[in-house]
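Contents: one structure, followed by commentary.
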Amino acid sequence: TSNTKETLSEDARLSQALAQLTEAIAKAPNDPALYTQRAAIHYNMGKQDAALADYTTALSLKDDPKTRYLRAVVYVAAGNSQMAYEDLTVALKADGENSDYLSLMADTCNALKKYEQALACLEKLLADDSENSVLLTLAGDACVYLTNYEKALPFYEKAILHYSDKTQN
């Protein structure tokens, strides 16, 4: 029952924060940060539609790559890969090296069967983390989807090598 009490207190805490932000928005309706904060709370409460509405309002007040990324996260959770792709495209134009944006874009492109673009994102991520077995495997998978088996094999070989190194240590 202690988990139930913790869950209830977390829900109560989120509800209280939501009420406070709603009050603050009433006083400062043109502050995009307030909408972004409230959207995050909505998302944590499982209210995806409300989160999307607040992120959209925040973006109408000030276009921001981080807010676009956060809205893309909600779109992905809601199963709308196309809208996530559109937001991530804009976010990456502003910050093309952001690993969070690239990672979500790779996943989103895979969902949309845009494997060349997914591979490009994965290769950028691998430039900074060349021993990441998960990224190497995903890059190999993208090559397989593109029927470029010769390019896939080195990714898989490196993934196995790095995975084996980790399990032996």
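The values are calculated or read from the model by the stated rules, or taken from the named source; none is laboratory data. Quick caveat, the model's predicted, so the values are computed rather than measured. Positions of Cβ are backbone-derived with ideal geometry, glycine not excepted, and every protein chain shown enters the neighbour counts. The area values use the complete protein model at the heavy-atom level, side chains included, leaving out ligands, DNA and RNA. Shrake-Rupley method; radii C 1.70, N 1.55, O 1.52, S 1.80 Å.
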When the stretch 61-112 is checked residue by residue, the ones that are touching a Pro at 6+ places or on another chain (Cβ under 8 Å) and of a type in the set (Ser, Thr, Tyr) are Thr67, Tyr101
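So that you can scan it fast, the table gives a plain yes or no per residue for (1) at negative phi; (2) surrounded by fewer than 18 Cβ atoms within 10 Å (Cβ to Cβ); (3) part of a helix (DSSP H, G or I); (4) of a type outside the set (A, V, I, L, M):
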residue	(1), (2), (3), (4)
Ile41	yes, no, yes, no
Gly46	no, yes, no, yes
Ala51	yes, no, yes, no
Arg68	yes, no, yes, yes
Val76	yes, no, yes, no
Gly79	no, yes, no, yes
Gln82	yes, yes, yes, yes
Lys93	yes, yes, yes, yes
Among Ala139, Ala159, Ala152, the single one that is closer than 25 Å to Gly79 by Cα, of a type in the set (A, V, I, L, M) and part of a helix (DSSP H, G or I) is Ala139
If we keep just the residues of the stretch 152-169 that are over 14 Å from Asp141 (Cα atoms) and within 26 Å of the chain's Cα centre (by Cα), which is modelled with the lowest pLDDT? Tyr163
Subset tally (residues that are polar (S, T, N, Q), open to solvent by less than 50 Å² (accessible area, probe 1.4 Å) and assigned to a helix (DSSP H, G or I)) for the stretch 105-136: 3
